[in-house]
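Report on one structure; see the data block that follows.
The values are calculated or read from the model by the stated rules, or taken from the named source; none is laboratory data. As the structure is a computational prediction, the values presented were derived from the model and not from experiment. Cβ placement follows ideal geometry from the backbone for every residue including glycine, while neighbour counts extend to all protein chains displayed. These area figures cover heavy atoms from the full protein model, side chains too; ligands, DNA and RNA do not enter into them. Shrake-Rupley method; radii C 1.70, N 1.55, O 1.52, S 1.80 Å.
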Amino acid sequence: MRDLSRHNRFLSINTATLRRERPPAEVVPAQDAAGIPGIGPGREQIQAIGIKGAARLIGDHGLTVSGVSRAGVFTAQGRSGLRQVVDDNRRAVDEAAGIGARCLVLIGGGLIPGSRDLADARKLFAEGLSALLPHARAANLPLAIEPLHPMYAADRACINTLAQANDLCDALGAGVGVVVDVYHTWWDPNLEREIARAGKRILAFHLSDWLVPTTDLLLDRGMMGDGVIDLPLIRSWMEAAGYRGPHEVEIFSERNWWKRDPDEVLATCVARHQTAC
Ligand code: ZN
């Protein structure tokens, strides 16, 4: 097991950076070999080998789980389907807790199917979150609300700003925190203020870059340093707010990084984390 006390602000890789469908038995050893102490697996990767299998594999390689992606999406089946979605989220809590994750990442879900009422979608997200919270508290597993860029408000995520996420934390209390993802939040004129406001509630920090031009709304994220986000500035705000946790690289890149050799991608993440962040 690595001594993480010497690696505050340590690097973690969200496994989607190497394509989600790559099997955990490949990804975990590759990250270990690259000297990367953290991992952010997707739920499907835990499910592929079971909670115990995933815990063993990750533990054998001494990796820390920076977070599990992703759950939430409480709007997906409307109000009548909320109970079912919350049940699935409880399973996600068990999966994340079972592999010792630092948090479970929640995204909003888009508009309720058939509706144009964005305010109602946001209300339903809050209802789902408060229904899930007792189970997460019992499992001692923090829920991390990740606001996504407003371009996803219709189909993916009705929680779009750190202010919204902070408001939900204020309303719900212990057991809920936030994710700051530079890709989703860099444009926000209130970002510095809201990071300071989040303070100890910041559970995760996600890194990538915003390419100009961006050719795909979902699958064209850039490697740190290849885009226009002032990463050192945002990092300085995070540290001023007291955040000392993992830096998780999360890059969905169909036209570039997903086509490359995983070892090259990991080596590039390590290098750019040092030079561009
Ligand atoms: Zn993220």
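Quick one: is Ala131 open to solvent by less than 60 Å² (accessible area, probe 1.4 Å) and closer than 22 Å to Ala16 by Cβ?
Spelling it out, it is not the case that Ala131 is open to solvent by less than 60 Å² (accessible area, probe 1.4 Å) and closer than 22 Å to Ala16 by Cβ.
Ala196 versus (1) open to solvent by 30 Å² or more (accessible area, probe 1.4 Å); (2) within 16 Å of the ligand (Cβ to nearest atom); (3) closer than 24 Å to Asp230 by Cβ: which is the lone unmet condition?
Every condition holds for Ala196 apart from (2).
Name the single residue, out of those in region 244-275 being out of contact with any helix residue (DSSP H, G or I) (no Cβ under 8 Å at 6 or more places or on another chain) and closer than 26 Å to Glu194 by Cβ, that is most open to solvent (accessible area, probe 1.4 Å).
Within region 244-275, the match that is most open to solvent (accessible area, probe 1.4 Å) is Arg244.
Just to be sure I understand, how many residues within region 165-187 are open to solvent by less than 20 Å² (accessible area, probe 1.4 Å) and either more than 10 Å from the ligand (Cβ to nearest atom) or not in a strand (DSSP E or B) (or both)?
Summing the residues that are open to solvent by less than 20 Å² (accessible area, probe 1.4 Å) and either more than 10 Å from the ligand (Cβ to nearest atom) or not in a strand (DSSP E or B) (or both) in region 165-187 gives 10.
One residue is enough: does region 212-222 have a residue meeting the conditions within 13 Å of the ligand (Cβ to nearest atom), within 21 Å of Gly72 (Cα to Cα) and crowded, with 20+ Cβ neighbours inside 10 Å?
Checked region 212-222: no residue is within 13 Å of the ligand (Cβ to nearest atom), within 21 Å of Gly72 (Cα to Cα) and crowded, with 20+ Cβ neighbours inside 10 Å.
Go through region 228-243 and give me each residue that's more than 16 Å from the ligand (Cβ to nearest atom), crowded, with 18+ Cβ neighbours inside 10 Å and over 16 Å from Arg193 (Cβ atoms).
none
Of everything in region 104-152, what is more than 16 Å from the ligand (Cβ to nearest atom) and part of a loop (DSSP other than H, G, I, E, B)? Give them in sequence order.
Correct list: Gly110, Leu111, Ile112, Pro113, Gly114, Ser115, Arg116, Asp117, Ala139, Asn140, Leu141.
Test each condition in (1) assigned to a loop (DSSP other than H, G, I, E, B); (2) more than 20 Å from Phe252 (Cα to Cα); (3) β-branched (Val, Ile, Thr) for Ile195 and report the one that comes out false.
(1)
Looking at Gly53 and the list (1) open to solvent by 50 Å² or more (accessible area, probe 1.4 Å); (2) more than 16 Å from the ligand (Cβ to nearest atom), which single condition is not satisfied?
All conditions pass for Gly53, except number (1).
Only one of these conditions is not met by Ala92: (1) more than 27 Å from Asp230 (Cα to Cα); (2) more than 15 Å from the chain's Cα centre (by Cα); (3) not in a loop (DSSP other than H, G, I, E, B). Which number is it?
Condition not satisfied by Ala92: (2).
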